[in-house]
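*Asks:* Just passing along the structure, written as structure tokens.
Only the coordinates and a few stated rules stand behind these numbers; no lab work does. Note that the structure is a prediction, hence the values are computed from the model and not measured. Cβ placement follows ideal geometry from the backbone for every residue including glycine, while neighbour counts extend to all protein chains displayed.
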Amino acid sequence: KNPIISDRHIESAEIEEQSANESDKAQFFDFANSVNLRGASGEIAIYYNSRKIGTRGLPVGYYQLHQKAIYHFNKQNYEVNSLIKSQNGARAYLVKSNEKGKRTIPIVRTSIIQTSEGKAIHREIDEKSRRISLRYGIISLDRTITGFMKGNYNESTDKFAMYNGNNISGWKNFHWKSKHSSVAITIPGEFISETISDSKSPITNDSRVHTIAHVLVNASKIITKSESSDIDVYYEKGIIYLYDNSSDGFNGCSRIIYDEFEKVLKTGFSLLEDCDCPVEKSQEDNLDNWGGCPKCTFTTNYCQTKNKELTKNRSKEFFSAFHSS
């Protein structure tokens, strides 16, 4: 059962009952237009030369059709000239692009607006004197696309160029809010840097927590057998949130992660233990700063540091602490 859609159904029923007793129906038109039969969050309508050529679901569409994004459609290369919010999602307007073999990834600023405790469930995982606390419930996110990265298809994201929207003529930040089912993971304080444990500082300020989050996402995708964009991660105040990144905010992944988190931990340990990625010569004398590779610690999701500033060995200490041989 999708709690997010259930809430929407309850709201719709209340509006329907209220409108039945009102002679002026116009006051309810905005709500009616906001309801999309294909999904709770709507879709993006794609236009080229004033003609609608397709649609894309949300939130994936926001990531693929942000302003200046390279978009491939019917073997043609396009660039998104603009992305404009609408009642049921957004409209993307394309122009032809001469760039070939390129791809773009948005730079997304994310923050948590609210965590719902009303229907949340909790459990703990204890290993010796350490404890991980898990909470499964609903979170509300506020997200803004502030720029993008661009690079070649066959290159890793650390080689991509960064483009800050503030430096792009005509750039407009794209903002939206959404609700998601999520599992909140409170990890022991000993694995968190004192500089970020009680603040909203970016996850990138702590290379170990940053890497732990990457590995948890990678392991969760294996356990849930999900697509690369089905799960996303956010960190704040000592808590890692793994959330369902789908159009209605609910694809079932976070519930599986909550129920089978011991398997996620075991898989995360195996990813680090079994990967024999070669250490760069410059890092041989300082293994704590070795970040890993695409097989273990790198993420295919958006990463603020482009999979840099990671620490494979120090993150392994966390997974080792909760690994029962």
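*Asks:* Answer with yes or no whether residue 219 is part of a helix (DSSP H, G or I), under 17 Å from the mean Cα position of the chain (by Cα) and aliphatic (A, V, I, L, M).
*Replies:* In short, yes.
*Asks:* Among (1) more than 20 Å from residue 114 (Cα to Cα); (2) in contact (Cβ under 8 Å) with a residue 40 or more places away in the chain; (3) out of contact with any Cys (no Cβ under 8 Å at 6 or more places or on another chain); (4) of a type outside the set (Lys, Arg), where does residue 243 come up short?
*Replies:* Every condition holds for residue 243 apart from (1).
Quick grid of which residues meet (1) surrounded by fewer than 15 Cβ atoms within 10 Å (Cβ to Cβ); (2) part of a helix (DSSP H, G or I); (3) in contact with a Gly (Cβ under 7 Å, 6 or more places away or on another chain):
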position	(1), (2), (3)
215	no, yes, yes
242	no, no, no
249	no, no, no
263	no, yes, no
266	no, yes, no
295	yes, no, no
302	no, no, no
313	no, yes, no
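*Asks:* For the range 82-101, how many residues are surrounded by fewer than 16 Cβ atoms within 10 Å (Cβ to Cβ) and touching a Gly at 6+ places or on another chain (Cβ under 9 Å)?
*Replies:* Qualifying residue count, the range 82-101: 2.
*Asks:* Then there's this: What's the total number of residues in the range 60-78 that are hydroxyl-bearing (Ser, Thr, Tyr) and free of Cβ contacts under 8 Å to residues at least 60 places away in the same chain?
*Replies:* Number satisfying all stated conditions: 2.
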